[in-house]
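Visitor: Below are the structure tokens for one structure; questions will follow.
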Amino acid sequence: MTEADEVRALVDATIDGFNRGDAEAYVAMAHARAVTRMAGLNGFARAADVEQMAPEILAMAKRFTVDYAGVEVLGDAAVLWGEFEHVSRAPDGGDGERSSGQFTITCARYDGTWKVVCSHYSAA
């Protein structure tokens, strides 16, 4: 497995946790000092805030998918970018509103383990 594959696997596991409604798996990928910028949030959220909001975020979400345009590994840092689609959960449990756009995710390797340190999602 290449380093780029390792980084993609981290993000894929996070997305899988998100789509299963597993708050622990969803936040496990983030470094404790990570920051996130998501469409719908006013400003940036720190990892601890995302962890606290995770159950609410997951309850409102139906599914999240990404299409990678690229992954670049530079030593102990990596950047992923591409397009995302988010589908919210309608009150009846079906598909709700859709949003899509561009994302960038920056990861760093700490003691051999990749962690997300910054992520940004901008709806189109």
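Derivation of every value follows stated rules applied to the coordinates shown; laboratory data play no part. None of these values were measured; they are calculated from a predicted model. Note that we place each Cβ from the backbone using ideal geometry, even for glycine, and neighbour counts take in every protein chain shown.
Visitor: Please give the peptides 98-105, 48-55 ranked by average Cβ packing (other Cβ atoms within 10 Å per residue), highest first, as a rough proxy for protection.
Guide: 98-105, 48-55
Visitor: Computed from the mean reciprocal separation of all distinct C-alpha pairs, what Kirkwood hydrodynamic radius does the chain have, in Å?
Guide: Value: 14.7 Å, from the Cα pair sum.
Visitor: Please compute the modelled spin-label separation between M1 and D67, points set 7 Å along Cα→Cβ, answer in nm with one decimal.
Guide: About 2.6 nm, to one decimal.
Visitor: Could you work out how far helix 3-20 tilts from the main Cα principal axis of the chain, as a 0 to 90 degree angle to the nearest 10?
Guide: The angle comes out near 20 degrees.
Visitor: Moving to a separate point now. For the chain, find the longest principal axis of its Cα atoms and tell me its angle to the long axis of helix 47-60, 0 to 90°, nearest 10.
Guide: Taking the Cα atoms of the chain, the angle to 47-60 is about 40 degrees.
Visitor: Could you calculate the FRET efficiency of V79 with A59 from 1/(1 + (r/R0)^6), where r is the beta carbon distance between them and R0 is 35 Å, rounded to 0.05?
Guide: 0.70
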